[in-house]
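Here's the structure we're looking at; comments come further down.
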Amino acid sequence: MLFKTKKNQPSAPIWLKTLAYGGLVFLHVPIAVIVINAFLVSDGSHTHFTLHWFHAAFAREDVMSAIALSLKVAAFATSLAIIMGTMTAAALYRRNFFGKEAITTMLILPIALPGIITGIALLSAMNILDITPGFLTIVVSHATFCVVMIYNNVVARFRRMPHNLIEASMDLGADGFTTFRFIILPQLATALLAGALLAFALSFDELIVTIFTAGHEVTLPIWLLNQLSRPRDSAITNVVAMMVMLVTAIPIIAAYYLTRGTESIAGSSR
């Protein structure tokens, strides 16, 4: 049975709302527990809030090393994805040719396939090419699935951008670089930024693919996985886990607000 809202629109039944809210609680209560435990300390008889665990986490060399490596990998992978995604979008958005859909599918596959399949495929390729897993292999493997974030945002903006802007720039004597700098790049700015934020967040907390391609390197997600066997460090683990959630959530929220409402603006430079 459907209920009517004040605006005379159909509303979901109570049982469906209950299931929906129950699902949200199920997903977010563990996150809330992690955040709360990151601020709690017990002296045996009393439990109180403290920032002690943050100080302890930042004082550990292994934590800071893992954070620095993950930030560096995410930055390099995002930069590589921006270059590849933008160039691919520019090459494909106005042209129809045999194999175009196959290229688009290949761009999507690394993120559409289960991470373990992508990881095994990348590791097999590295073994065939006799490449030792390390920092560069992590960057390349992350770029393979980050590139689709850039491509999707940029190709959508390209399709809404009036091509006569480029033609007018060329007619006025601008060369290709000048046209790109003053005409195309301002139009793509927020699409690139939103895609880069999503790609950075995706790379920063990637675990499955990283396990296969990291070699002896320890990124932050791998560090967290190793901490599961150390229950005495659970408080510090909660602090680091909360940091991962913040670093990944903030770019995603920012990307949402950057692209919100721009889908209906043809050629928008927002």
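The values are calculated or read from the model by the stated rules, or taken from the named source; none is laboratory data. All figures in this text were calculated on a predicted structure; none of them were measured in a lab. Here Cβ is always computed from backbone atoms with ideal geometry, including for glycine, and neighbour counts include all displayed protein chains. Accessible surface is based on the protein model in full, side chains and every heavy atom, while ligands, DNA and RNA are left aside. Shrake-Rupley method; radii C 1.70, N 1.55, O 1.52, S 1.80 Å.
A few points about this structure:
- Matching helices (runs of 4 or more DSSP H) fully within the stretch 132-208 where at least 3 residues are modelled with pLDDT of 90 or more: 135-160, 185-204
- Evaluation of Tyr93 against (1) under 17 Å from the mean Cα position of the chain (by Cα); (2) in contact (Cβ under 8 Å) with a residue 12 or more places away in the chain; (3) open to solvent by less than 70 Å² (accessible area, probe 1.4 Å) (one fails), failing number: (1)
- Condition met for Ile67 (closer than 28 Å to Leu207 by Cβ, assigned by TED's automatic domain parsing to the domain that holds Leu220, open to solvent by 40 Å² or more (accessible area, probe 1.4 Å) and in a helix (DSSP H, G or I)): no
- Boolean, Thr18 is assigned to a helix (DSSP H, G or I) and closer than 30 Å to Glu217 by Cβ: no
- If you go through the stretch 109-131 and keep only what is at pLDDT 85 or above and in contact with a helix residue (DSSP H, G or I) (Cβ under 7 Å, 6 or more places away or on another chain), you end up with Gly115, Ile116, Thr118, Gly119, Ile120, Leu122, Leu123, Met126, Ile131.
- When each of Ile117, Ile131, Ile183, Ile150 is tested for being open to solvent by 10 Å² or more (accessible area, probe 1.4 Å), assigned by TED's automatic domain parsing to the domain that holds Ala249 and in contact (Cβ under 8 Å) with a residue 12 or more places away in the chain, the lone residue that passes is Ile183.
- Scanning the stretch 216-244 for residues that are open to solvent by less than 50 Å² (accessible area, probe 1.4 Å) and either of a type in the set (Ser, Thr, Tyr) or not in a helix (DSSP H, G or I) (or both) returns Thr219, Thr237.
- Pair list, Cβ under 7 Å, 6 or more apart: the stretch 226-251 residue farther than 30 Å from Ala194 by Cα, other residue part of a helix (DSSP H, G or I) and open to solvent by 20 Å² or more (accessible area, probe 1.4 Å): Gln227/Asp233; Gln227/Thr237; Ala235/Asn37; Ala235/Trp53; Ile236/Trp53; Ile236/Ala56
Conditions tested, residue by residue: (1) farther than 23 Å from Met242 by Cα; (2) touching a Leu at 6+ places or on another chain (Cβ under 6 Å); (3) of a type outside the set (Phe, Trp, Tyr).
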| position | (1), (2), (3) |
| --- | --- |
| Pro13 | yes, no, yes |
| Phe54 | no, no, no |
| Asp62 | no, no, yes |
| Ala66 | no, yes, yes |
| Ala90 | yes, no, yes |
| Asn96 | yes, no, yes |
| Gly99 | yes, no, yes |
| Ile103 | yes, no, yes |
| Met106 | yes, no, yes |
